[in-house]
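A.B. asks: Here it is, the structure in full.
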Amino acid sequence: MSWIEILMIVVGVSLDIFATMECQGSLVRKVNKKHLSIICILFTACQLCALFLGYFISSRYCKGNPAGHEMILGQIIAVIIFLGLGVRFIIKAVRNEAIDEHLITEFHIGKFVKIAFLSCITTSLSGLAFGFFSLNLIVLLVLMVFCTIFFIVTGMYTGYHYGFEQKRIAYIIGAVLFVIAGADVIFRYILKIV
């Protein structure tokens, strides 16, 4: 996979975090930089662990089965993952679940721990797909750190200034990125082998 494909997928994953943080930003009176730093550390640590776990599982499979048919199977699984995540984001955009907008005056880390762990599902699935391509794990982790922090901060401030209405756009963009990534894998890797 090229760096553009990798960036598209990591941004797609991070847009889920953006939408979540946008909703949280719409509930605060003022963005507290100390709390935002804690949230960044928490989410980044969870995202890195999830990406590593998914990558580790699939890369172990690939190292144990280097034959051509197993690689095609891994790439087919990657396509299913990317297209499945794209469909999931489309469903989230269509549902556009409203949140109960009310002012949050206290910072509860437990709430953010739960949100961080839920967001790890998408990241671990993407890590699983990345592992089938034997990509450079360090590059993936560094890119994930920058995208996670960037989308947490921009999501929080977007929600603070504009409310939670932009989350639908974030999900649509994320869905498009995942569908493009899935189609790209089909055309550049699977059809080339078959």
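A.B. asks: When only residues in region 86-109 that are at pLDDT 80 or above and either among the β-branched types (V, I, T) or more than 21 Å from F164 (Cβ to Cβ) (or both) count, which is most open to solvent (accessible area, probe 1.4 Å)?
C.D. replies: Filtering first and then ranking leaves V94.
A.B. asks: Suppose we filter T122, T148 for residues that are touching a Gly at 6+ places or on another chain (Cβ under 9 Å), of a type outside the set (G, A, S), open to solvent by less than 30 Å² (accessible area, probe 1.4 Å) and over 15 Å from Q24 (Cα atoms); which single one remains?
C.D. replies: From the options T122, T148, the qualifying one is T122.
A.B. asks: Could you tell me which residue of region 162-181 is modelled with the lowest pLDDT, considering only residues that are open to solvent by less than 40 Å² (accessible area, probe 1.4 Å) and over 15 Å from the mean Cα position of the chain (by Cα)?
C.D. replies: Once the filter is applied, the top-ranked residue is F164.
A.B. asks: A further question follows. I want to confirm something. Restricting to region 26-62 and keeping residues that are in contact with a Leu (Cβ under 9 Å, 6 or more places away or on another chain) and farther than 30 Å from G74 by Cα, which single residue is most open to solvent (accessible area, probe 1.4 Å)?
C.D. replies: Ranking the candidates gives R29 first.
A.B. asks: Run down L42, L83, L51 and say which single residue is more than 14 Å from F178 (Cβ to Cβ), modelled with pLDDT of 90 or more and in contact with a Gly (Cβ under 9 Å, 6 or more places away or on another chain).
C.D. replies: L51
A.B. asks: Could you please tell me which pairs satisfy a Cβ distance under 7 Å, a separation of 6+ or placement on different chains, a first residue in region 2-27 that is in contact (Cβ under 8 Å) with a residue 60 or more places away in the chain and over 16 Å from I149 (Cα atoms), and a second residue that is of a type in the set (D, E, K, R) and open to solvent by 20 Å² or more (accessible area, probe 1.4 Å)?
C.D. replies: Taking only residues 6 or more apart or on different chains, the pairs are E5/D184; S26/E101; L27/E101.
The values are calculated or read from the model by the stated rules, or taken from the named source; none is laboratory data. Treat the numbers as computed from the prediction; the structure is a model and nothing was measured. Every residue, glycine among them, receives a Cβ derived from its backbone with ideal geometry; neighbour counts consider all protein chains shown. Heads up: the accessible areas ignore ligands, DNA and RNA and are worked out on the full protein's heavy atoms, side chains in. Shrake-Rupley method; radii C 1.70, N 1.55, O 1.52, S 1.80 Å.
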